[in-house]
Amino acid sequence: GAGVSQSPRYKVAKRGQDVALRCDPISGHVSLFWYQQALGQGPEFLTYFQNEAQLDKSGLPSDRFFAERPEGSVSTLKIQRTQQEDSAVYLCASSFDRVSYEQYFGPGTRLTVT
Amino acid sequence: AQSVTQLDSHVSVSEGTPVLLRCNYSSSYSPSLFWYVQHPNKGLQLLLKYTSAATLVKGINGFEAEFKKSETSFHLTKPSAHMSDAAEYFCVVSLNRDDKIIFGKGTRLHILP
């Protein structure tokens, strides 16, 4: 069946531009997570949704980062006024519920800020 | 606070020999522990998980891991490495009272012909 999909797969942005990254979770999955993976590092938690509610955004590195999931399915991670340090792979994951803890990951969006 | 430490950033083994990827965790509560694999240009895939049932957990592709509370370890093993096992492996800890999961920094496994 269909897994988690993310678009675009690659994004190049000039410093100062705004970007929007999309995540389509597995249908019916309640929980959705965003992670940032810098080169050579493990993914780091950014934010978490349960349905449309953003329950934890403690990992967002600055107020330039914003995430939404208005209808409880597709989610968008927006980065305003991108900086070079924002260059990373942004991973989205979904899980059926908050109990299973088994997260299914998308392929990621590689963001390069020049 | 919870954390996870992967003791080796790179591991090289010959094809057909055993694999050992080490992971130690720190958690104030009973943790759930996972191993994920990441092949180049592919999404993270769950290998196996421990959630307070049997301490020896079997996963996909012949991998298994043993939860040792006394050693706070969750090492990943495989009896015989295959070329297709070359990838990045992440040990992950989840606090049962929290939905957040913490990734280790990863271990890159190289398989020598």
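Just so it is clear, none of the values below were taken in a lab; they were calculated from the coordinates. Every value quoted in this text rests on a predicted model; they were computed, and no experiment measured them. So basically every Cβ, Gly included, is an ideal-geometry build from the backbone, and we count neighbours across all protein chains shown.
So here's what we get for this one:
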item: Within region B:4-113, GluC sites (Glu not before Pro) in DSSP loop having at most 15 other beta-carbon neighbours inside 10 Å; result: B:15
item: Residues with amide H under 5 Å from that of residue B:110, placed H, sequence gap 5 or more; result: B:11, B:12, B:13
item: Net length gained if the chain between residue B:108 and residue B:14 were fully extended (0.36 nm per residue, minus Cα distance); result: 32.4 nm
item: Formal net charge of residues neighbouring residue B:55 (Cβ-Cβ distance under 10 Å; K, R +1; D, E -1); result: +1
item: Under Karplus coefficients 6.51, -1.76 and 1.60, residue-wise ³J(HN,Hα) of region A:21-35 in Hz, glycine/proline x; result: 10, 10, 10, 10, x, 5, 4, x, 6, 7, 9, 9, 10, 10, 10
item: Packing-based exposure ordering (other Cβ within 10 Å, fewest first) of B:72, A:114; result: A:114, B:72
item: Least to most buried among A:69, B:22 (fewest other Cβ within 10 Å first); result: B:22, A:69
item: Simple Cβ-charge dipole of region A:19-99, Lys/Arg +1 and Asp/Glu -1, about Cα centre, in debye nearest 20; result: 100 debye
item: Other-chain or far-sequence residues with amide H under 5 Å of residue B:82's (modelled H); result: B:16
item: Listed residue pairs exceeding 18 Å between alpha carbons, taken from B:49/B:69; B:49/B:78; A:57/A:78; result: none
item: Trypsin sites (Lys or Arg not before Pro) within region A:1-95, DSSP loop, no more than 16 other Cβ atoms inside 10 Å; result: A:9, A:14, A:15, A:57, A:64, A:81
